[in-house]
Amino acid sequence: MSLVTKLLCTGAIATTATSFCWLTLGNDLQAHATLKDNPKAVVDEVWQIINREYVDGTFNRSNWLQLRQELLSQEYTSNEQAYTAIRTALEKLGDPYTRFMEPEQFKSLTSQTTGELSGVGIRLAVDSATKTLTIVEPMANSPAEKAGIKPGDKLLAIDGKSTRGMSIEQASILIRGEVGTKISLKLSRAEKGDFELKLTRAQIELPSVRYTLNQEGNIKVGYIYLSEFNSHSPDQMRKAIQALKRQKAQAFVLDLRENPGGLLLSSIEIARMWLDTGSIVRTVDRKGENDEFKANRTALTQLPLAVLVNGDSASASEILAGALQDNKRATIIGTETFGKALVQSVHDLSDGSGLAVTVAHYYTPKGTDIGHKGVSPDIHINISKEQQFQLSARSNWFGSPQDPLYTKAIAVLQSDVTQGAPSRSPSPVSVR
């Protein structure tokens, strides 16, 4: 049995992995061997990991040792009983980010954090008028794109199973599968009618970065949207910055709205693309031991930068925004961020399930604890519920003239470019 840990900073309750740490359980392995193929084994695995790593050594003032005796004195006739016992035990910690995941949930998390999945490469949405599953877009170089699937196609059935009333998540589970296996999709297109395609699943890299070069008045602005921090995000971010520089961008807008976070090391690597010097983040574990991560003179650009955030910008997003703000590298625009200042490690368990456990607190370069407060923007912009709904419903409005935060960023950057200086955080102001 092996346990793999991944350091995560994500606010939507966790989600990948440039670094793996192999753990040994010492004498615990003997105990686990005697429990092999017994649901009790997973219960004990979870207890051991929490006992060793959890950030609060008092375990929220609970008797963690006594709890182990209680857990192991019970008999579990099924995995479901064991899973219920685990979740009940974890509730004593009072920490929503330390959580147990059943095998399917853990598999989904692993796909998200590695930035890869095995499937055919389609993005789905539910048509608000017809309530049918609709193709938003086929991913580049995916089996779906090669087969000619187009945006707007209706997904009617998966391997003969009707998608009527099916959620996006349910459909995604059916579409995913082992690389090289076959899948049949029944689709409908206005000018073509119903048709069926047989595809072969492949390993697909999920895009977390999209970018455009926009002419805004007399300046060229490189707009970059980062949706999450997975293991491929740094490479995708590097390519985006370099491509926009080749296109003669004079300033940048980095959009972190709706970004729930992801891998800690990915956020640090991306911060180093914007920062030449200075601290990025400091983490503190339950023993009080500090790890500080700093810029290492590998910045790709010093051009003016504005960063867009909102209440759904969480954890790894907050690390990046806080580092750029505290080092006066960027102007932060939007509303207070989510406010999660915790780091999790993620372990795979012997039966294919998983455990995320909080292992550290983190602080911005100036020592700020953003827990339950978030990063406070330099320019605070409140948008109406109607505007928020329109932006959420029309993702293509992000980074457009219909986007109030983006238009404010352009005004700030035009001033910075005119002055010929990199973007610097101004005194906090509020725009309503």
Looking at (1) touching a Phe, Trp or Tyr at 6+ places or on another chain (Cβ under 6 Å); (2) crowded, with 17+ Cβ neighbours inside 10 Å, find the lone condition where residue 270 falls short.
(1)
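So which residues in the stretch 112-158 are part of a loop (DSSP other than H, G, I, E, B), of a type outside the set (Ser, Thr, Tyr) and open to solvent by 50 Å² or more (accessible area, probe 1.4 Å)?
Restricting attention to the stretch 112-158, the residues satisfying the condition of being part of a loop (DSSP other than H, G, I, E, B) are 115, 120-121, 127-132, 139-142, 147-153.
If we keep only those that are of a type outside the set (Ser, Thr, Tyr) too, we end up with 115, 120-121, 127, 129, 131, 139-141, 147-153.
Matches in the stretch 112-158: 129, 131, 140, 141, 150, 151.
Output the number of residues of the stretch 391-415 satisfying the condition of being of a type in the set (Val, Ile, Thr) and open to solvent by 20 Å² or more (accessible area, probe 1.4 Å).
The initial filter retains those residues of the stretch 391-415 that are of a type in the set (Val, Ile, Thr), namely 407, 410, 412.
From the residues that got through so far, the ones that are open to solvent by 20 Å² or more (accessible area, probe 1.4 Å) too are 407, 412.
Here the count works out to 2.
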Looking at the stretch 202-238, which of the residues that are open to solvent by less than 20 Å² (accessible area, probe 1.4 Å) and either part of a helix (DSSP H, G or I) or among the charged types (D, E, K, R) (or both) is farthest from residue 112 (Cα to Cα)?
237
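Which is among the hydrophobic types (A, V, I, L, M, F, W, C) and either open to solvent by 10 Å² or more (accessible area, probe 1.4 Å) or under 18 Å from residue 283 (Cα atoms) (or both), of 330, 314?
Details: 330 fails: either open to solvent by 10 Å² or more (accessible area, probe 1.4 Å) or under 18 Å from residue 283 (Cα atoms) (or both).
From the options 330, 314, the qualifying one is 314.
Could you grab me the full set of residues in the stretch 83-98 that are within 21 Å of residue 345 (Cβ to Cβ) and surrounded by 16 or more Cβ atoms within 10 Å (Cβ to Cβ)?
Taking the stretch 83-98 and keeping what is within 21 Å of residue 345 (Cβ to Cβ), we get 83, 86-87, 89-98.
Hits for the stretch 83-98 are 83, 86, 89, 90, 93, 95, 97, 98.
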Only one of these conditions is not met by residue 406: (1) part of a loop (DSSP other than H, G, I, E, B); (2) at pLDDT 90 or above; (3) of a type outside the set (A, V, I, L, M, F, W, C). Which number is it?
(1)
Go through the stretch 167-201 residue by residue and tally those that are of a type outside the set (A, V, I, L, M, F, W, C) and assigned to a strand (DSSP E or B).
10
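Condition first: part of a strand (DSSP E or B) and either open to solvent by 30 Å² or more (accessible area, probe 1.4 Å) or closer than 21 Å to residue 165 by Cβ (or both). Can you find one or more residues in the stretch 99-111 that meet it?
Within the stretch 99-111, the first condition is being part of a strand (DSSP E or B), and the residues that meet it are 99-101.
Then drop every residue that is not either open to solvent by 30 Å² or more (accessible area, probe 1.4 Å) or closer than 21 Å to residue 165 by Cβ (or both), which leaves 99.
Yes - at least one qualifying residue is present in the stretch 99-111.
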Consider residue 252 against the criteria (1) surrounded by 24 or more Cβ atoms within 10 Å (Cβ to Cβ); (2) farther than 24 Å from residue 219 by Cα; (3) of a type in the set (Phe, Trp, Tyr): it satisfies all of them except one. Which criterion is unmet?
(2)
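Is it fair to say residue 194 is farther than 21 Å from residue 111 by Cβ, out of contact with any Phe, Trp or Tyr (no Cβ under 6 Å at 6 or more places or on another chain), of a type outside the set (Gly, Ala, Ser) and surrounded by 13 or more Cβ atoms within 10 Å (Cβ to Cβ)? Spell out the reasoning first.
On the way: farther than 21 Å from residue 111 by Cβ: yes; out of contact with any Phe, Trp or Tyr (no Cβ under 6 Å at 6 or more places or on another chain): yes; of a type outside the set (Gly, Ala, Ser): yes; surrounded by 13 or more Cβ atoms within 10 Å (Cβ to Cβ): no.
Considered against the rule, which asks whether it is farther than 21 Å from residue 111 by Cβ, out of contact with any Phe, Trp or Tyr (no Cβ under 6 Å at 6 or more places or on another chain), of a type outside the set (Gly, Ala, Ser) and surrounded by 13 or more Cβ atoms within 10 Å (Cβ to Cβ), residue 194 comes out as no.
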Which condition breaks for residue 160 when tested against (1) in contact with a strand residue (DSSP E or B) (Cβ under 9 Å, 6 or more places away or on another chain); (2) over 26 Å from residue 107 (Cα atoms)?
(2)
Restricting to the stretch 173-197, give me the number of residues that are under 14 Å from residue 132 (Cα atoms) and within 27 Å of the chain's Cα centre (by Cα).
0
Quick check on my filter: what residues within the stretch 342-378 are closer than 19 Å to residue 308 by Cα and of a type in the set (A, V, I, L, M, F, W, C)?
370, 375
Being in contact with a Ser or Thr (Cβ under 8 Å, 6 or more places away or on another chain), within 25 Å of residue 264 (Cβ to Cβ) and at pLDDT 90 or above, is that true of even one residue in the stretch 70-88?
no
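The values are calculated or read from the model by the stated rules, or taken from the named source; none is laboratory data. Every value quoted in this text rests on a predicted model; they were computed, and no experiment measured them. FYI the Cβ positions are ideal-geometry reconstructions off the backbone, even for glycines, and counts take in every protein chain you see. Surface areas here come from the heavy atoms of the whole protein model, side chains and all, with no ligands, DNA or RNA. Shrake-Rupley method; radii C 1.70, N 1.55, O 1.52, S 1.80 Å.
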